[in-house]
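Quick notes on the structure that follows.
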Amino acid sequence: MKPSSRSSQSKRFIFSSLTFILFLCVLASINEIRFDTFLTFGRCAFSSVPPDPSHNSSSIASNGASDDDDDIRILIGILTLPDQYHRRHFLRLIYGTQSPVGARVDVKFVFCNLTKEDQMVLVALEIMRYDDIIILNCKENMNKGKTYTFFSSLPEMFNSSDRPYPPYHYVMKGDDDTYLRLENLVESLRPLPRQDLYYGYVIPCPSTDPFVHYMSGMGYLVSWDIAEWVRESDIPKNHLEGPEDKVFGEWLRDGHRAKNRFNAKWSMYNYPEPPTRCTHELWPDTIAVHLLKKQEMWVHTLKYFNVTSNLKPSKLYHIP
């Protein structure tokens with residue numbers, strides 16, 4: 001073979017080799033991009049702990065709606081106790097499987113300062129995993145100012161230049177034995193004012209006038225400006241003790257607040273057993289059912305509202 005022929009073959013071989021190596025590099029880059037994309041998707045799909053808790057993005061009942069001005073933003077504070085671990089986990093199921101459309105609903109569990117070593121470890125783990133707990137600077141109580149500490153602490157916690165204002169249009173105080181149907185709650189709020197609002201189940205039971213007495217502690221809601229007023233006014237500070245829902249209503253009366261009031265009776269009511277004048281049978285237009293003290297009551301209520309109807313079929317389980 002002539003030298004020129006060997007040289008030509010060598011050049012072709014080198015060119016082919018370089019081309020093949022370049023192809024392998026491109027293929028590897030594509031695969032790396034796909035793999036990175038998959039990892040990114042996986043992190044989005046399976047992680048519920050936000051990188052920045054200050055943005056309060058760990059709503060357990062949010063449909064992922066944007067912070068559009070037309071979207072209703074609601075904070076629900078469920079007043080409970082630090083040791084109620086099982087109740088909190090159960091309620092995370094209840095509210096985490098609800099997705100109200102056109103609204104951001106953040107559900108937070110609220111209690112006072114931790115006092116035991118096991119609380120400090122276990123509650124810290126809950127916060128790391130769910131970021132849905134508010135610990136108030138107070139001594140645990142029911143009717144000696146806990147509700148005041150909750151509402152008065154909110155503006156400092158959530159008012160921020162990097163958030164929309166108000167951070168929430170409404171704030172609700174709820175009990176941990178109350179079942180809230182979030183879609184119905186949101187729909188009932190859509191036509192209502194977002195200023196100077198007081199909403200709930202009017203006490204006493206026969207009353208239908210929200211301007212005479214007060215809203216039941218099962219779950220009452222106010223607009224954000226009232227939470228700011230609670231923080232700033234001396235009226236609540238000077239009247240802390242007594243049935244918390246009654247005291248809250250007296251603050252608003254004495255401060256001439258809540259000119260807009262909405263009585264949600266009878267969409268909010270006590271569990272119907274035993275029968276009393278404060279309740280009625282379960283019905284479809286329900287917003288809240290109160291006094292769910294036993295698991296059988298919760299199961300009966302959840303079955304009535306068919307909350308598992310969206311369970312997807314799978315080969316992994318069989319639920320008749």
- What is the distance, in nm, between label points placed 7 Å from the Cα along the Cα-to-Cβ direction at Ser161 and at Lys144? 4.1 nm
- How many percent of Cα pairs in the range 53-266 exceed 27 Å? 28 percent
- Item | Exposure proxy order (Cβ contacts within 10 Å, fewest to most) of Val299, Val110, Val307, Val222 | Val299, Val307, Val110, Val222
- Query: Of the cross-linked pairs Lys146/Lys265; Lys116/Lys139; Lys108/Lys146; Lys144/Lys294; Lys246/Lys303; Lys237/Lys293, which ones have a Cα-Cα span greater than 24 Å in the structure shown?
  - Reply: Lys146/Lys265; Lys144/Lys294; Lys246/Lys303; Lys237/Lys293
- What net charge is computed for the residues neighbouring Pro206, neighbours being all others with C-beta under 13 Å from the C-beta of Pro206, Lys and Arg scored +1, Asp and Glu -1? +1
- In which sequence would Asp83, Asp118 go, from the one with the fewest C-beta neighbours within 10 Å to the one with the most? Asp118, Asp83
- Note on the structure: Treating only Lys and Arg (+1) and Asp and Glu (-1) as charged, each at its beta carbon, one finds that the range 53-266 has a dipole about its Cα centre, in Debye to the nearest 20, of 340 debye
- Task: Output the antiparallel fraction of DSSP beta bridges having both residues in the range 53-266, as a percent to the nearest 5.
- Result: 30 percent
- Note on the structure: Scalar couplings 3J(HN,Hα) for the range 294-303 by Karplus 6.51 cos²θ - 1.76 cosθ + 1.60 (θ = phi - 60°), nearest whole Hz, x for Gly and Pro, are 10, 4, 4, 5, 4, 4, 4, 5, 5, 5
- Ascending count of other beta-carbon atoms within 10 Å, so fewest first, for Ile72, Ile134, Ile287: Ile134, Ile72, Ile287
- What trypsin sites (Lys or Arg not before Pro) in the range 244-320 are in a loop by DSSP, with at most 12 other Cβ atoms within 10 Å of the Cβ? Lys259, Arg277, Lys293, Lys294, Lys315
- Note on the structure: Check: C-alpha center the range 141-163 vs C-alpha center the range 220-263, spacing in Å is 13 Å
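Taken together, the values in this text are just the output of simple stated rules run on the coordinates, not laboratory data. These numbers come from a predicted model, not from an experiment. Please note: Cβ atoms are built from the backbone with ideal geometry, for glycine as well, and neighbour counts cover all protein chains shown.
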